[in-house]
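Contents: one structure, followed by commentary.
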Amino acid sequence: MEFHLPPDNSGTGSVVDLVIAGGGPAALSAALYAARYGLGHIVLESWQPGGQAALTALIENYPGVPSVPGAKLSGIMRSQALEAGARFTTETVSSVEPLGEGFLVRTESASHTAKTLIIATGAAPAKLGVPGEDRYYGRGVSFCATCDAPFYRGRRVVVVGGGDSAVKEALHLSGVASGLVLVHRRDTLRAEPRLAQRLLDCPTCEVRWNSTLKAVTGDEQGVTGVDLETPSGLEHLDTDGVFLYVGTKPATGPFRGLVELDARGAVLTRNIVETSRPGVYAAGDVTSNGFRQVVTAASDGARAAWAAFEYLEDRRQN
Amino acid sequence: MPLLSEDDRKAIRQHFSTMENTVEVTLTHSPDGPGDSGAILGELAGLTDRIRLVTAPSPETAPPSISVGEHGRVRFMGTPSGYEFSTLLTAIIDAGRSGTKLSPATIEFIGGLREELNIMVFVTPTCPHCPGAGVLAHRMAAASPMVSASVIEAQEYPDLAGAHRVMGVPRTVVNERYHAEGNMSETVLVTALSRAMASGRADAFINLSEFIS
């Protein structure tokens, strides 16, 4: 039996050198390094500890940890940061504005002033925008296999996507579902080859290549099927659930106007963690950096904390 | 052998050290015994003198249910494991502290209620999104006698989950009519709920996402 502990929730506000916004591997790594550098800091983590990593059933490519549930890995990271002296509070950033030589970071319940900021708010699952997707969200349409897999025991499911997340979660779902169809718009999977091969070898899984989801259909009870556009024309598949892994949308709403974003809404970075505004750094899935893995998020977080430390040191000396 | 690791116990003691008041925690369990929930609560009560644990056998065979506080408005239905352990622990710690963590806008909303709110939040132990929704409901219930909230482990209460068409979590159902999917932020949920209640709509099921601008 596993037990996840609650975060702290002081909600009283603070004046610090560094605010770290986010709760996933990038933020946790930044918190670890900030604590070890002795920076006065606070981590504002929303009520989704561990970020996207915590939603991953099994992570097999984090160096030094051969195979571990995502929630466990992020839990270990958080414990390590806490041991080092990291300070957390459960608050979601609502806005940030420049204030003097620093920033005013507002949340729903408090305000924090900081000399530097690390944006590590990650990304949320992207939607396809097809008919039925919103209507049946929570009634057969899901973005979280880790959360919802128990409802699909012995049922048929469709997974949409071809990247690491889609294939990992399809493999997780194949352990409970009676049958699984992966719908992918290309003719090969983008997931790392080892994962892809495991899916292709899965006896209860099949793949619809070069196919796209056009609509989710259902009745008053929930999802009953999907309409696909396939190379041989429109096809209707009966299914009880649809899991969407078609990319992510960076969680940058509160930072719009503060730092430059790319067309996707990700924080534009140079030198990996620097943003368009001095004193503001970004790390992990929220950035425009191309390769998004737990290990790269952790690396970004460490670099961002180091960059904030150097920035503060420069200002102290000048 | 204890269920909680020594590291967990140490962290929980730290959380409990911030409690100022004694909290009554009542476990209702089936006739065959308090089970894992009883063991978990027993270990928690052993870490602080701020918990007064009451166990109440039920004549019916049913999954466990836990009530936090003497008022009975903050409930957890099921075994508090995985992420749901943090939901229960937060309810206990909140009850042991003075004040509320709710925003002023939420306090104003529940202060102006003219009908009681019965909130159910369906969850699973493997859902990292779920504690956010559960804790918000519990905090609203703790703050007002007009609100009661049950966080329900959907797999242990399949009939209740089925009756409310739960196919994904967290699912929040208010007064058997208004429902919200996913972990909405406090501001979004309360704004949507207040708009939906003011709309006067009489539909049997009203999706709160329709009231988010």
³J(HN,Hα) computed for each position of segment B:10-20 - Karplus, 6.51 cos²θ - 1.76 cosθ + 1.60, integer Hz, glycine/proline x: 5, 5, 5, 4, 4, 4, 5, 5, 8, 7, 9
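Per Stokes-Einstein, at 20 °C and 1.002 mPa s, what whole-number D in µm² s⁻¹ belongs to the protein assembly as shown, with the Kirkwood radius over Cα pairs as the hydrodynamic radius?
Working: Rh = 24.0 Å.
It comes out at roughly 89 µm²/s.
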Principal axis dimensions, largest first and in whole angstrom, of chain B by Cα: 53, 36, 29
Loop-resident sites, segment A:95-133, for trypsin sites (Lys or Arg not before Pro), counting at most 13 other Cβ within 10 Å (DSSP): none
Estimated dipole of segment A:141-244 in Debye, rounded to 20 [Cβ of Lys and Arg +1, of Asp and Glu -1, Cα centre]: 340 debye
0 to 90° range, to nearest 10: angle between helix B:130-143 axis and chain B longest Cα axis: 90 degrees
Calculated from backbone phi, Karplus (6.51, -1.76, 1.60) coupling profile of segment B:161-176 in Hz, x at Gly/Pro: 5, x, 5, 9, 6, 7, 10, x, 10, x, 10, 9, 10, 10, 6, 6
0 to 90° range, to nearest 10: angle between helix B:83-96 axis and chain B longest Cα axis: 90 degrees
Exposed GluC sites (Glu not before Pro) absent - longest run of chain B, DSSP non-H/G/I/E/B, at most 15 other C-beta within 10 Å: B:117-175
Cleavage-rule hits, GluC sites (Glu not before Pro), segment A:219-293, DSSP coil, Cβ neighbours within 10 Å at most 11: A:Glu220
Among A:Thr146, A:Thr248, A:Thr230: highest mean-square fluctuation, GNM of chain A, C-alpha pairs under 10 Å: A:Thr230
Angle in degrees between helix A:25-36 and the longest Cα principal axis of chain A, rounded to the nearest 10: 20 degrees
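Divide the volume of the convex hull of the Cα atoms of segment A:163-300 by its number of residues and quote the answer in cubic angstrom per residue. Let's see the in-between values first.
Working: hull volume 21.2 nm³, N = 138.
Per residue, the Cα convex hull of segment A:163-300 comes to 153 Å³.
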In order through segment A:190-205: 3J(HN,Hα) via Karplus (6.51 cos²θ - 1.76 cosθ + 1.60), integer Hz, x for Gly, Pro: 7, 4, 4, x, 5, 5, 4, 5, 5, 5, 5, 8, 5, x, 9, 10
Gaussian network model of chain A, springs between alpha carbon atoms under 10 Å - residue of A:Pro254, A:Pro231, A:Pro125 with greatest fluctuation: A:Pro231
Those Cys residues of the protein assembly as shown for which no other cysteine Cβ falls under 4.7 Å: none
Amide H contacts under 5 Å for A:Ser14, placed H, 5+ residues apart: A:Ser111, A:His112, A:Thr113
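Over all directions, what mean area does the Cα convex hull of segment A:1-147 project, stated in square nanometres? Please list the in-between numbers first.
Numbers: hull surface 43.7 nm².
For segment A:1-147, averaging the hull's shadow over all directions gives 10.9 nm².
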Under-5 Å amide H pairs with A:Phe3, H placed in peptide plane, nonlocal only: B:Gly82
Residue among A:Val130, B:Gly168, B:Ser98 farthest towards the positive dipole end of the protein assembly as shown, charges placed on Cβ: A:Val130
Dipole of segment B:20-173 [Lys/Arg +1, Asp/Glu -1 at C-beta], most positive-end residue of B:Val25, B:Pro57, B:Val147: B:Val147
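For segment B:112-213, state which trypsin sites (Lys or Arg not before Pro) are in a DSSP loop and have at most 10 other beta carbons lying within 10 Å of their beta carbon.
Working: sites: B:Arg114, B:Arg139, B:Arg165, B:Arg171, B:Arg177, B:Arg195, B:Arg201; in loops: B:Arg114, B:Arg165, B:Arg177, B:Arg201.
In loop regions of segment B:112-213 (DSSP not H, G, I, E or B), the sparsely surrounded trypsin sites (Lys or Arg not before Pro) are B:Arg114.
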Calculated P(r) of segment A:250-317 - Cα pairs past 13 Å, %: 61 percent
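Rounded to the nearest 500, what is the 222 nm mean residue ellipticity of chain A from helices alone, with -39500 (n - 2.57) per DSSP H run of 4+ residues and division by all residues? Intermediate values should be presented prior to the final figure.
Details: 6 runs with 75 residues, N = 318.
Taking each H run of at least 4 residues, the total per residue is -7500 deg cm²/dmol.
By the scheme Lys and Arg +1, Asp and Glu -1, what is the net charge of all other residues having a beta-carbon under 14 Å from that of A:Ala53?
Details: positive: A:Lys72, A:Arg78, A:Lys168, A:Arg292; negative: A:Glu45, A:Glu60, A:Asp164, A:Glu169, A:Asp285, A:Asp300.
Computed value for this residue: -2.
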Extent along principal axes [Cα atoms of segment B:131-212; Å; largest to smallest]: 34, 28, 22
Members of A:Lys168/A:Lys249; A:Lys72/A:Lys127; A:Lys214/A:Lys249; A:Lys115/B:Lys10; A:Lys127/A:Lys214 lying beyond 23 Å, as alpha-carbon distances in this model show: A:Lys72/A:Lys127; A:Lys115/B:Lys10
Kirkwood-Stokes translational diffusion coefficient of segment A:141-244, alpha-carbon pairs, 25 °C, 0.890 mPa s, µm²/s: 182 µm²/s
Nonlocal amide H pairs with A:Val242, under 5 Å, H built at 1.01 Å: A:Val141, A:Ser142, A:Val158
Proxy reagent accessibility, fewest Cβ within 10 Å first, across A:Asp240, A:Asp134, A:Asp17, A:Asp148: A:Asp134, A:Asp17, A:Asp240, A:Asp148
Among A:Val294, A:Val130, A:Val267: highest mean-square fluctuation, GNM of chain A, C-alpha pairs under 10 Å: A:Val130
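Rounding to the nearest 20 debye, state how big the charge dipole of segment B:6-211 is about its Cα centre with +1 on each Lys and Arg Cβ and -1 on each Asp and Glu Cβ.
In debye, rounded to 20, segment B:6-211 gives about 520.
Report, in cubic angstrom per residue, the convex hull volume of the C-alpha atoms of chain A. Each step should come with its number before you reach the end.
On the way: hull volume 45.9 nm³, N = 318.
Convex hull of Cα atoms, per residue: 144 Å³.
Here, each number is a calculation from the coordinates, and none is a lab measurement. Please read all numbers here as calculations on a predicted model, not as lab measurements. Counting neighbours? That spans all protein chains shown, and the Cβs are built from the backbone with ideal geometry, glycine included.
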